[in-house]
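All remarks here apply to the structure that follows.
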Amino acid sequence: MKFKLLYYGDILTNPKKRAQHIADIRMQFHPQLKKLTTLKPWDNLTKFMMPDATKSPISTRHIGGIDWNPIITPNLKMIAELDILLMHPEIVGVPHSDIDNRVKTILDGLRCPQNEHEIGQNTPNNIGPIYTLLDDDHLVTKLTVNTSHLLSTNFIPHNVEKSPDAVFMLIDVNVRVTEGTLENLPFIV
């Protein structure tokens, strides 16, 4: 099963407030993933997610007073392959910031926080569950990253601040099932 996620914003490698930076990234993916769970066959995931879970195994994690609903979890025996297109305003091949730390920041933004210190102080706790792609980044079994020069920002919303650290990212997500069960049957294609 495949789908795409979009991101536009900063990907900082060593921000002063790392937890908040990761939380800001997470919150850009949240509405996309929440919308995904309203579409077939992804709507089957809501049976395993709080607040209205009706089946086991429950995939929701409760951390720091917030419910986190990951899409890809070991409970449902799912893994992910990610193909990331990272477009940035700098010229390709000219060092601005290293790709390995950017990728780590991206992966941290795609997963649930592992403890209260990773949540970020401005993360809303009154919007219901927050959706993340991954329960943990060890569920990524394949990762490719292509970088390219971002030639236009005309498609960026006018209310979004442009920054030299901003990137436009398209993430192709390929969800795979490691072991077929009745719970993950809708995702075996």
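Every number here is computed from the coordinates shown, using simple stated rules; none is lab data. Predicted, not measured: the structure shown is a model, and the values here were computed from it. Virtual Cβ from ideal backbone geometry, glycine too; neighbours counted across all protein chains shown.
Using +1 at the Cβ of each Lys and Arg and -1 at the Cβ of each Asp and Glu in the chain, identify which of Thr123, His30, Trp42 lies farthest towards the dipole's positive end.
Going by the Cα projections, it comes out as Trp42.
Classify the range 1-75 as rounded, prolate or oblate, taking a ≥ b ≥ c as the square roots of the eigenvalues of its Cα gyration tensor: rounded when a/c is under 1.5, otherwise prolate if a/b is larger than b/c and oblate if not.
oblate
Starting at the first residue of the range 166-179, write each ³J(HN,Hα) from the Karplus equation 6.51 cos²θ - 1.76 cosθ + 1.60 with θ = phi - 60°, in whole Hz, x for Gly and Pro.
So the Karplus estimates, Gly and Pro as x, are 6, 10, 10, 10, 10, 10, 8, 10, 10, 8, 10, 9, 8, 8 Hz.
What list of ³J(HN,Hα) couplings, whole Hz, do you get for the range 49-65 from phi and the Karplus terms 6.51, -1.76, 1.60, once you set θ to phi - 60° and write x for glycine and proline?
10, 6, x, 10, 4, 10, 9, 9, x, 6, 9, 5, 10, 10, 9, x, x
Among the lysines, select those whose C-alpha is under 28 Å from the C-alpha of Lys77, and discard any that sit fewer than 8 residues away in the same chain.
Counting by Cα, and skipping residues close in sequence, Lys77 has these lysines nearby: Lys2, Lys4, Lys34, Lys35, Lys40, Lys47, Lys55, Lys104, Lys142.
Using 7 Å Cα-to-Cβ label points, what is the Ala53/Lys34 separation (nm, one decimal)?
2.0 nm
First measure r as the distance between the Cβ atoms of Phe3 and His62, then evaluate 1/(1 + (r/R0)^6) with R0 = 22 Å and state the FRET efficiency to the nearest 0.05.
Numbers: r = 26 Å, r/R0 = 1.17.
That pair, Phe3 with His62, gives E of 0.30.
Residue by residue through the range 6-17, which ³J(HN,Hα) values in whole Hz follow from phi under the Karplus form 6.51 cos²θ - 1.76 cosθ + 1.60 (θ = phi - 60°), with glycine and proline marked x?
10, 8, 9, x, 6, 10, 8, 8, 9, x, 5, 10
Angle, helix 18-36 long axis vs. longest principal axis of the chain, Cα atoms, 0 to 90°, nearest 10?
Tilt of helix 18-36: around 60 degrees.
Once the Cα atoms of the range 2-187 are picked out, what are the Rg and Dmax in Å?
Cα-based Rg and Dmax for the range 2-187 come out at 16.7, 52 Å.
Among the aspartates and glutamates, select those whose C-alpha is under 20 Å from the C-alpha of Lys16, and discard any that sit fewer than 8 residues away in the same chain.
Counting by Cα, and skipping residues close in sequence, Lys16 has these aspartates and glutamates nearby: Asp24, Asp98, Asp100, Asp108, Glu116, Glu118, Glu161, Asp165.
Of the chain, which part is the longest with no trypsin sites (Lys or Arg not before Pro) in a loop (DSSP not H, G, I, E, B) and with at most 10 other C-beta atoms within 10 angstrom?
Looking at the chain, 17-161 is the longest stretch - no exposed trypsin sites (Lys or Arg not before Pro) with at most 10 other Cβ atoms within 10 Å.
Specify the angular offset, from 0 to 90 degrees and rounded to the nearest 10, of the alpha carbon long axis of helix 99-110 from the longest principal axis of the alpha carbons in the chain.
Between helix and principal axis, roughly 40 degrees.
Quick check for me: using +1 on Lys/Arg Cβ and -1 on Asp/Glu Cβ, what's the dipole size of the chain about its Cα centre, in debye to the nearest 20?
With Lys and Arg at +1 and Asp and Glu at -1, about 340 debye.
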